[in-house]
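The values are calculated or read from the model by the stated rules, or taken from the named source; none is laboratory data. Quantities reported herein were computed from a predicted structural model and do not represent experimental measurements. In this analysis, Cβ positions are derived from the backbone assuming ideal geometry, glycine residues included, and neighbour counts consider all displayed protein chains. SASA here: full protein model, heavy atoms, side chains in, ligands and nucleic acids out. Shrake-Rupley method; radii C 1.70, N 1.55, O 1.52, S 1.80 Å.
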Amino acid sequence: MRQYRIAVLVGSLRRESFNRKLATALALLGPADFAFKQVQIGDLPLYNQDDDEHPVEAVQRLKAELADAQGLLFVTAEYNRSLPGVLKNAIDHASRPYGQSAWAGKPAGVMGASVGAVGTSMAQQHLRNVLAYLDVPTLGQPEAFIHAKKGLFDEAGHLGDSARTFLQTWMDRYVAWVKWHVA
Ligand SMILES: Cc1cc2nc3c(=O)[nH]c(=O)nc-3n(C[C@H](O)[C@H](O)[C@H](O)COP(=O)(O)O)c2cc1C
């Protein structure tokens, strides 16, 4: 059976991040032939074009992990109505040097959780703009703007019933769409 490796990028470094918990819970909804791996972006330096020819180990690692993946999953917080800088920094790093982007052609799911009821819609839209430029196709529907409220997770970090039902639908659609792209 073919295996699909998915690189997961979490747009938050917060220790108790809802988005990291969501990314972790989401991975459990995937089928056996999908392996989700959260890639580390918190140790990347601030992007500086001067370093393109001599990327530090953390940048090389990020690009290698992306190259090894068949698909992408972005689970992001929203900061001031856009994507957090730490995520944009990682995107910029892996897009360079010019002509050697690690992103092009990899199908991506986009979602996010916020304490605000309409939270992450703007962050996701900004992220989709960036990804479109980088030639990363994104799953359009269903959209997933997850409200981080009581009941989203139980004590053990498992998804509550209502979120799980919706996110299983999302995951099933994502899996079919990634397979269609990779085929
Ligand atoms: C700098 C900053 C800006 C924020 N801006 C927004 C925002 O524009 N929209 C929103 O819904 N929540 C905003 N929030 C609240 C986040 O939704 C909340 O901190 C959330 O827990 C972040 O996700 P995380 O738990 O994965 O870290 C902001 C939080 C911070 C720290």
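Taking the Cα centroid of the range 20-76 and of the range 91-122, what is the distance between the two, rounded to the nearest whole Å? Spelled out, the Cα-based centre of one part sits 10 Å from the other. The local environment of H126, defined by Cβ-Cβ distances under 15 Å, has a net charge of 0 under the rule Lys, Arg +1 and Asp, Glu -1.
Each Lys or Arg adds one and each Asp or Glu subtracts one; over the other residues with Cβ under 9 Å from the Cβ of A102, this totals +1.
Of the trypsin sites (Lys or Arg not before Pro) found in the range 102-151, those in coil by DSSP whose Cβ has at most 10 other Cβ atoms within 10 Å are K150.
Dividing the helix sum by the residues of the chain, where each DSSP H run of 4 or more adds -39500 (n - 2.57), gives a mean residue ellipticity at 222 nm of -11500 deg cm²/dmol. Here the chain is scanned for GluC sites (Glu not before Pro) in DSSP loops (not H, G, I, E, B) that have at most 10 other Cβ atoms within 10 Å, and the longest stretch holding none of them is 54-154. Charged side chains reduced to their Cβ positions (Lys and Arg at +1, Asp and Glu at -1) give the range 55-124 a dipole of some 120 debye around its Cα centre.
The smallest convex shape that holds all Cα atoms of the range 1-106, its convex hull, gives 112 Å³ per residue. Per residue, the accessible area of the range 1-51 comes to 58 Å² when a 1.4 Å probe rolls over the protein heavy atoms. Kirkwood radius and radius of gyration were both taken over the C-alpha atoms of the range 131-183, and their ratio Rg/Rh is 1.08.
Just for the chain, what percent of DSSP beta bridges are antiparallel, to the closest 5? Taking every DSSP beta bridge within the chain, about 10 percent pair in antiparallel fashion. Applying 1/(1 + (r/R0)^6) with R0 = 30 Å to the Cβ-Cβ distance of D154 and D68 gives a FRET efficiency near 0.35.
Of all aspartates and glutamates in the structure, the ones whose alpha carbon falls short of 19 Å from that of K106, not counting any fewer than 8 places away in one chain, are D33, E65, D68, D92, D135, E143, D172. Mean-square fluctuations from a GNM of the chain, with a 10 angstrom spring cutoff on Cα atoms, peak among T138, T169, T76 at T169.
Charging the Cβ of each Asp and Glu at -1 and of each Lys and Arg at +1, and nothing else, the dipole of the range 93-183 about its Cα centre rounds to 200 debye.
Put +1 on the Cβ of every Lys and Arg and -1 on every Asp and Glu Cβ in the chain; which of A156, Q3, V178 then has its Cα farthest towards the positive end of the dipole? Of A156, Q3, V178, it is A156. About its Cα centre, the chain has a charge dipole of approximately 460 debye under the convention of +1 per Lys or Arg Cβ and -1 per Asp or Glu Cβ, with nothing else charged. Across H93, H158, H54, mean-square fluctuation computed from a Gaussian network of the chain (C-alpha pairs under 10 Å connected) peaks at H54. Considering only G109, G85, G11, the mean-square fluctuation computed in a Gaussian network model of the chain, springs between alpha carbons under 10 angstrom, is largest for G85. Under the combined filter of DSSP loop state and at most 14 neighbouring Cβ atoms within 10 Å, the range 95-183 retains these chymotrypsin sites (Phe, Trp or Tyr not before Pro): Y98. Determine the shape class of the range 72-117: with a ≥ b ≥ c the square roots of the Cα gyration tensor eigenvalues, call it rounded for a/c under 1.5, and otherwise prolate if a/b is greater than b/c, oblate otherwise. The shape class here is oblate. Element breakdown for the range 36-126 at a 1.4 angstrom probe: carbon and sulfur atoms account for 51% of the accessible area. Overall shape: oblate for the range 44-113, with the ratio a/c of the largest to smallest alpha carbon gyration tensor axis at 1.5 or above and b/c at least equal to a/b.
Partner lysines whose Cα lies under 23 Å from the Cα of K21, excluding those fewer than 8 positions away in the same chain, are identified as K37, K88, K149, K150.
Each 10 Å bin from 0 upward holds the following percent of the Cα-Cα pairs of the chain: 9, 39, 37, 13, 1.
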